[in-house]
1. At least 1 residues that are modelled with pLDDT of 95 or more in each: list the helices (runs of 4 or more DSSP H) lying fully within the range 210-288 that qualify.
2. Going residue by residue through the range 186-194, is there one that turns out to be outside any helix (DSSP H, G or I), modelled with pLDDT of 95 or more and under 28 Å from residue 55 (Cβ atoms)?
3. In this structure, is residue 205 over 19 Å from residue 61 (Cα atoms), touching a strand residue (DSSP E or B) at 6+ places or on another chain (Cβ under 8 Å) and either surrounded by fewer than 17 Cβ atoms within 10 Å (Cβ to Cβ) or in the same structural domain as residue 243 (by TED's automatic domain parsing) (or both)?
4. I'd like to know if the range 98-106 contains one or more residues that are more than 14 Å from the chain's Cα centre (by Cα) and either over 17 Å from residue 264 (Cβ atoms) or not assigned by TED's automatic domain parsing to the domain that holds residue 242 (or both).
5. May I ask you to list the residues in the range 138-180 that are more than 25 Å from residue 236 (Cβ to Cβ) and assigned to a strand (DSSP E or B)?
6. What single numbered condition from (1) in contact with a helix residue (DSSP H, G or I) (Cβ under 8 Å, 6 or more places away or on another chain); (2) at pLDDT below 95; (3) surrounded by 17 or more Cβ atoms within 10 Å (Cβ to Cβ) fails to hold for residue 107?
7. List the residue pairs whose Cβ atoms are under 8 Å apart, where the first residue sits in the range 225-237 and is in the same structural domain as residue 118 (by TED's automatic domain parsing) and within 14 Å of residue 175 (Cα to Cα), the second is at pLDDT 95 or above and in a helix (DSSP H, G or I), and the two are 6 or more positions apart or on different chains.
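The values are calculated or read from the model by the stated rules, or taken from the named source; none is laboratory data. Worth saying up front: this structure is predicted, and the values here are computed from it rather than measured. When we count neighbours, we look across all protein chains shown, and the Cβ atoms used for this are built from the backbone with ideal geometry, even at glycine.
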């Protein structure tokens, strides 16, 4: 009988020890898994912040007017309100070249940042926008199609463009030769004719701007935002390093450098709407 009691006691102790060991292993496993889950979650949050920090809204304007807004016309007073909003909310306004460098290298900024572009070459750029550029001392990139410069009554002159470039705040890049609709041209031209047409639009604009203004012409804005792999390859062969579409989304590191999205700005985009345009541009377009 004592031997049986001893044996039962031994089994009880062994059983308790086994349960204790199992409990400890479960606790350790839980703590290890919890720590691992915490680290993973932390990394996801940090990566999310990093990706968000590497987004750059690139704003695109077309025309300016002192009194009358339009579909692609922003009043001068509205444009200044937008600039003041950016300053008040500690946004950096970077040159487009600086933004594209950061997109390539995935380098971050210490504060939220935007870039400002203006397409076409309307005379209001010099009369209405340029004084505000000087006042606020901010960089702007103009995408010009040179066929209209000093030719059309609505367009800038070469001397006005040179004066803006001399300020050191304005860069000028290509918007093709005469702003064609590549989709329509593709439909009406033969393969050989279309190839020649595309080459002319991309290279002649580059050559004229370089000859008239000097500087490095290596960026392109797609007319009407129309682009595809054929056009992107043609732009690359023509010597363009970056090309810009529309798309209504921020530019992101790691994206297609020959189809960088930009966000069109309207006269309605002030205050909370302007904030949403920077943070969620597609929502703003839906709410119009």
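1. Values: elements: 229-237, 271-279, 281-286.
Result: 229-237, 271-279.
2. As a first pass, look at the range 186-194 and keep what is outside any helix (DSSP H, G or I): 189-190.
Of the ones still in play, those that are also modelled with pLDDT of 95 or more are 189-190.
So of that shortlist, the ones also under 28 Å from residue 55 (Cβ atoms) come out as none.
Checked against the condition, which is being outside any helix (DSSP H, G or I), modelled with pLDDT of 95 or more and under 28 Å from residue 55 (Cβ atoms), the range 186-194 yields no hits at all.
3. Details: over 19 Å from residue 61 (Cα atoms): yes; touching a strand residue (DSSP E or B) at 6+ places or on another chain (Cβ under 8 Å): yes; either surrounded by fewer than 17 Cβ atoms within 10 Å (Cβ to Cβ) or in the same structural domain as residue 243 (by TED's automatic domain parsing) (or both): yes.
Criteria met by residue 205.
4. yes
5. Matches in the range 138-180: 140, 155, 170.
6. Of the numbered conditions (1) in contact with a helix residue (DSSP H, G or I) (Cβ under 8 Å, 6 or more places away or on another chain); (2) at pLDDT below 95; (3) surrounded by 17 or more Cβ atoms within 10 Å (Cβ to Cβ), the odd one out for residue 107 is (3).
7. As it stands, the answer is 226/182; 226/183; 227/182; 231/182; 231/198; 235/202, since those pairs meet every condition given.
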